[in-house]
Structures are given as C-alpha cells and as structure tokens.
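Step one of this worksheet: look at the structure below.
The values are calculated or read from the model by the stated rules, or taken from the named source; none is laboratory data. This structure is a prediction, so every number in the text was calculated from the model and none was measured. Cβ placement follows ideal geometry from the backbone for every residue including glycine, while neighbour counts extend to all protein chains displayed.
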Amino acid sequence: MMMRLFRNIRLLVLAGGLILAACRDADGPSSHRGDAQRADQAAGAQLPEKARAGSPEAHQNSVHPDSVPEGMVYIPSGSFLMGGKSDQASPDELPRRSVQVAGFFMDRTEVTNREFAAFVDATGYETVAEKPIDWEAMKTQLPPGTPKPPDSLLQAGSLVFHATDRPVDLRDLSQWWHWTPGANWKHPEGPESDLEGRMDHPVVHIALDDALAYARWAGKRLPTEAEWEWASMGGLEDPKYPWGNAPISESADKANFWQGIFPYSNEQADGYLRTAPVGTYPANGYGLVDMAGNVWEWCQDKYRSDTYQLETTPTDRMNPRGPDTSFDPSEPLAEKYVIRGGSYLCNDSYCSGYRVSRRMRATRDSAFGHTGFRCVKDAE
Ligand SMILES: [Ca+2]
Ligand SMILES: [Ca+2]
C-alpha cells in the first residue's frame, strides 16, 4: 500500500503534467481545437508575410565553416511563428506569436553515452539518479502533510518504462513508469542492465542539473525553448514535424517513436523499442538529427502553461528566455522546466511530442529512461 502510494506521489511529482497533456492530445475538448484554429488564423492575419515562417532571407546568414565547433551546426537567426498550429495543439502552445531568435550553434545530436562518460571520467560527476532522494527537498513540492515514505523507498533510482500486458487507461502513468532502485544513466533498465552496444545512444536518466553540469563542463549551455523550436523546423515553411508535414503514420523512417498501441504493443516499424543510436534517421534542414523522438531534451526555460500569453511585447518575443517563475496548474507547488521533442515512447494517442511545437515539463530533479539533452552555444 505504502509502496503504491509513494510511487504515485513520486510519479506525480516527476511526471504529473504528462497525464493532463496526454488527455488533451488524445481526446481534447473540441473547444480547444476551435481555439487553436482561430488563434492560427488571427496570428497569420496580423503578421507580415516573411514572419509567417522561417524567412528565406534569414537562412542566408551563415558563419565561416572553420568557426563551427566540432559536433555542432550553425542555426541562423530568423523570425517564425512559434506555437501549435494543428488541431493537436495543447492550450499551452497558444497563442501562436512571432518570435525572433539570434543565430547560435547547436549540437548535431543528443548527448550520447560516450560523450557523457567522458564528462564523468574527467570530473567524477555523480548524477541526481545516483544519489538517495532528498526528502526535505521533495516534500516542498508535495501537498502539506504528505507522509515521509520509509528510507527503503528513498534510495537512489529512477523511472524505467515497462510496456503493459494489455491496453490501459492512459491517465495512470504509474502503470508503465516503474520506480527502479539502481536505475541511472549507466544502468538504463536497472542494476542488471548496462551500456554495452549503446555508447552511441543518447544518455538517459538525466535530470536538469545533470544536463546543466555537462553543459558548463563542455563550455556550452542548454537551448531556450524558442531556440529549440526554431532549430527543429530546419528552415522549412511552418512545418508540423522536423521533416515537414508527412503524416506520422507514414514516418517510421523519419524518427524513433512508438508505432502501435501505447503503452502495450510496440510494432517497432522504426526498428527500435527503446533508444536508437543518434543519427539513425535523416537530419533536418539544418543537419540536426533526432530533434523529434528518441529522447526528450531539456531546455533552460522554466515552464508555465501560460508562457505564450505573457509575452505581449516585441521585446518579450526577441530571444525569449522563458518566464521568471514556473506554474503548472496540475501541480502548483512544483517548479518545472521545459522539455522538448518527444521520445521513443511518443504516439499520437499519447503525447505527440514529435511535433515541433509540443511542450512538456518536468521538475528539475526528474530523471526518466526517455529524457536526455543536447547543448547549444552562442555564436559571437
Ligand atoms: Ca521506436
Ligand atoms: Ca530528441
């Protein structure tokens, strides 16, 4: 009973937003869809032609090839319509608005196990998932009076995905996320698993502070949410996905996601049940791989459900860096940060995270078997 209770508490803290988001995507109220369409039309009508998507002029700016750091690509400056555009758009993706982003460098791939191992070898860094849970910190994000679980449940671990044995109610994510002591980046499915054959897969079970520590060591930083969305578009005209608008049912050769009935039956039409080696699928127009799928990627911005509504002036929309405070109505006490791009678990029935505009969030101490990151660097 206590185990079940705690698991649910932990899941709520770590991943509560996923539940509501999934409901919206799978079967959102029709009023939301109408709102999305009206917002699209209004936004499009108010903006000059070149701001309706990545402007062709913007793509002409470039840097000398010698100045591009190894493993990175240059993302040109430009303005674009940021936010949801299809009837899958969640309310937190609205309203669409024109955003400007300065040029920057971005890692071509998600950070791999090989790269993260080099960081750990050089620094001795220990990830959040490798340390016991700090109850004093955790309880500040839970309803007052939540009882302290036994110490046996506060040992180091992370959340590991397990497929269910039948189709299930998608509102209860404790059915497929299992709290697993000993799971961390070196042991992705728990203590008995390792990285053999997976050094070129994206690192997972990475909390925000782990990603920030790596970025500092590498002389880089995490992308803003706006940079991430702009880069994922690859210079295309207002695409739904990094590859364009080819429907998800015909795109198993374009990204690593979930084909079949989530979280029960994975047809693996894309060849992978869990993570895939980075770069298995084609790059987008900027040369970036796996922007959609494989693993979710941390951004530096705090998450608010109403972030886009709060950006009301042109200044707000120039290189936006996110709000000063976080707010997720489903968990008002939890400070959350944005993650982007979806993972090998994404499916249209669930998160549709492979859409370029899709927003998701997690607390900074969250580590999952489907979350990693990539870095960016300012172009000076
Ligand atoms: Ca897959
Ligand atoms: Ca990704």
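What number of residues within region 353-380 satisfy the criterion of being away from ligand 1 (no atom under 16 Å from the Cβ), farther than 25 Å from Thr127 by Cβ and among the hydroxyl-bearing types (Ser, Thr, Tyr)?
Within region 353-380, residues that are away from ligand 1 (no atom under 16 Å from the Cβ), farther than 25 Å from Thr127 by Cβ and among the hydroxyl-bearing types (Ser, Thr, Tyr) number 1.
Which of the numbered conditions does Phe327 fail, given that it passes all the others? Conditions: (1) of a type outside the set (S, T, N, Q); (2) touching a Gly at 6+ places or on another chain (Cβ under 7 Å); (3) over 24 Å from Val203 (Cα atoms).
Failing condition for Phe327: (2).
Any idea which of Arg321, Arg374, Arg358 is in contact (Cβ under 8 Å) with a residue 60 or more places away in the chain, surrounded by fewer than 20 Cβ atoms within 10 Å (Cβ to Cβ), within 17 Å of Glu227 (Cβ to Cβ) and not small (Gly, Ala, Ser)?
Arg321
Name the single residue that is farthest from the chain's Cα centre (by Cα) among those in region 257-268 being surrounded by fewer than 21 Cβ atoms within 10 Å (Cβ to Cβ) and either within 9 Å of Gly293 (Cβ to Cβ) or within 11 Å of ligand 1 (Cβ to nearest atom) (or both).
Glu267
Would you confirm whether or not region 242-256 contains a residue that is within 26 Å of Ser193 (Cα to Cα), within 16 Å of ligand 1 (Cβ to nearest atom) and either surrounded by fewer than 16 Cβ atoms within 10 Å (Cβ to Cβ) or not small (Gly, Ala, Ser) (or both)?
Checking region 242-256: at least one residue is within 26 Å of Ser193 (Cα to Cα), within 16 Å of ligand 1 (Cβ to nearest atom) and either surrounded by fewer than 16 Cβ atoms within 10 Å (Cβ to Cβ) or not small (Gly, Ala, Ser) (or both).
Residues checked against (1) more than 16 Å from ligand 1 (Cβ to nearest atom); (2) within 28 Å of Thr275 (Cα to Cα); (3) of a type in the set (Ser, Thr, Tyr):
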{"position": "Lys302", "(1), (2), (3)": "yes, yes, no"}
{"position": "Gln309", "(1), (2), (3)": "yes, no, no"}
{"position": "Ser326", "(1), (2), (3)": "yes, no, yes"}
{"position": "Pro332", "(1), (2), (3)": "yes, no, no"}
{"position": "Val338", "(1), (2), (3)": "yes, yes, no"}
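Among Ala246, Ala211, which is part of a helix (DSSP H, G or I) and either modelled with pLDDT of 95 or more or touching a strand residue (DSSP E or B) at 6+ places or on another chain (Cβ under 8 Å) (or both)?
That would be Ala211, the only listed residue that is part of a helix (DSSP H, G or I) and either modelled with pLDDT of 95 or more or touching a strand residue (DSSP E or B) at 6+ places or on another chain (Cβ under 8 Å) (or both).
Out of His205, His201, His187, report the one residue that is within 23 Å of the chain's Cα centre (by Cα), away from ligand 2 (no atom under 16 Å from the Cβ) and not acidic (Asp, Glu).
One residue alone meets the criteria, His187.
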